[in-house]
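The values are calculated or read from the model by the stated rules, or taken from the named source; none is laboratory data. Keep in mind that this is a model prediction, so the values were computed, not measured. FYI the Cβ positions are ideal-geometry reconstructions off the backbone, even for glycines, and counts take in every protein chain you see.
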Amino acid sequence: MILTIYMSIFLVLVCVDMGIKQYIEDIFEDSEERETVIPGIVFRKVYNKGFAFNVLERAPGMIQKCSLCAVVWIFVYDCWLFTRKKRTAAKLGMALVSAGAVSNVYDRLIRGKVIDYIGMKAEKKKFSKLTANLADLYLMLGAVIYNLSRIAHARKRK
């Protein structure tokens, strides 16, 4: 039953991000930017052909292979973690990490690039250029939750 809850969370998160990416891909022009109701946050279509911040964008084959290896490792770890009792926060964190990884790796393998769409407007240009997607946010939030749960679990064992 509990595994079904985590799988549902995973599937919903992946579908939401992939649905938004497809909407942005279909509706937005390249580099188009639209205001949101949240001050300082904009939607824009930006392609990321590398890792974060376009690192290694000129090595797409290596990026695809590394990304696929990472997803396989995450899947194997998830299989191990989800057989453990308790560890609720760690499982939630890994469900988020897995959703973010699968969504971005799908983009890399199928589209050849990741579609980023959440940007911000800031006075400094380098911050205004930053663009992410929900999958990136899932990865960050999931990593934070997972690592905090590991710290708490280690303290509890002492």
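Considering only the range 12-44, how many residues are touching a residue at least 60 places away in the same chain (Cβ under 8 Å) and of a type outside the set (Val, Ile, Thr)? Steps first, answer last, please.
Keep residues of the range 12-44 that are touching a residue at least 60 places away in the same chain (Cβ under 8 Å), which gives 13-14, 16-18, 20-21, 24-25, 28, 33, 40-44.
Next cut, of a type outside the set (Val, Ile, Thr) only: 13, 17-18, 21, 25, 28, 33, 40, 43-44.
Residues flagged as touching a residue at least 60 places away in the same chain (Cβ under 8 Å) and of a type outside the set (Val, Ile, Thr) within the range 12-44 amount to 10.
When you scan the range 71-158 for helices (runs of 4 or more DSSP H) that lie fully inside it, which ones turn up with 2 or more residues that are in contact with a helix residue (DSSP H, G or I) (Cβ under 6 Å, 6 or more places away or on another chain) and not hydrophobic (A, V, I, L, M, F, W, C)? Reasoning before the result, please.
Numbers: elements: 88-106, 125-128, 134-157.
The helices (runs of 4 or more DSSP H) meeting that bar are 88-106, 134-157.
Being more than 15 Å from Val114 (Cα to Cα), hydrophobic (A, V, I, L, M, F, W, C) and without any contact (Cβ under 8 Å) to a residue 24 or more places away in the chain is the filter here, so list the residues in the range 64-102 that pass it.
Cys69, Val72, Trp73, Phe75, Val76, Cys79, Trp80, Leu81
If we keep just the residues of the range 66-109 that are basic (Lys, Arg) and surrounded by 12 or more Cβ atoms within 10 Å (Cβ to Cβ), which is nearest to Ile5 (Cα to Cα)?
Pass one, the range 66-109, residues basic (Lys, Arg): 84-87, 91, 108.
Pick out the ones that are also surrounded by 12 or more Cβ atoms within 10 Å (Cβ to Cβ) and you get 87, 91, 108.
Details: Arg87: 14, Lys91: 11, Arg108: 27 Å.
Residue satisfying both the conditions and the ranking: Lys91.
Here's the yes/no breakdown for (1) under 30 Å from Phe28 (Cα atoms); (2) over 15 Å from the mean Cα position of the chain (by Cα); (3) modelled with pLDDT under 95:
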| site | (1), (2), (3) |
| --- | --- |
| Ser67 | yes, no, yes |
| Thr83 | no, yes, yes |
| Thr88 | no, yes, yes |
| Leu96 | yes, no, no |
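Assuming Ser8 fulfils every condition listed in (1) free of Cβ contacts under 8 Å to residues at least 24 places away in the same chain; (2) of a type in the set (Ser, Thr, Tyr); (3) surrounded by 11 or more Cβ atoms within 10 Å (Cβ to Cβ); (4) under 20 Å from Thr131 (Cα atoms) apart from one, which condition is it?
(4)
Which one of Gly19, Gly50 is under 17 Å from the mean Cα position of the chain (by Cα) and in a loop (DSSP other than H, G, I, E, B)?
Values: Gly19 fails: in a loop (DSSP other than H, G, I, E, B).
Exactly one of Gly19, Gly50 is under 17 Å from the mean Cα position of the chain (by Cα) and in a loop (DSSP other than H, G, I, E, B), namely Gly50.
Can we say Val72 is modelled with pLDDT of 90 or more, farther than 18 Å from Arg108 by Cβ and not hydroxyl-bearing (Ser, Thr, Tyr)?
Numbers: modelled with pLDDT of 90 or more: yes; farther than 18 Å from Arg108 by Cβ: no; not hydroxyl-bearing (Ser, Thr, Tyr): yes.
Answer is no for this residue.
Just the residues that are among the basic types (Lys, Arg) and under 20 Å from Arg108 (Cβ atoms), please, taken from the range 18-37. Walk me through it before giving the result.
Here is the first cut: in the range 18-37, the residues among the basic types (Lys, Arg) are 21, 34.
Listed by number, the list holds a single entry, Lys21.
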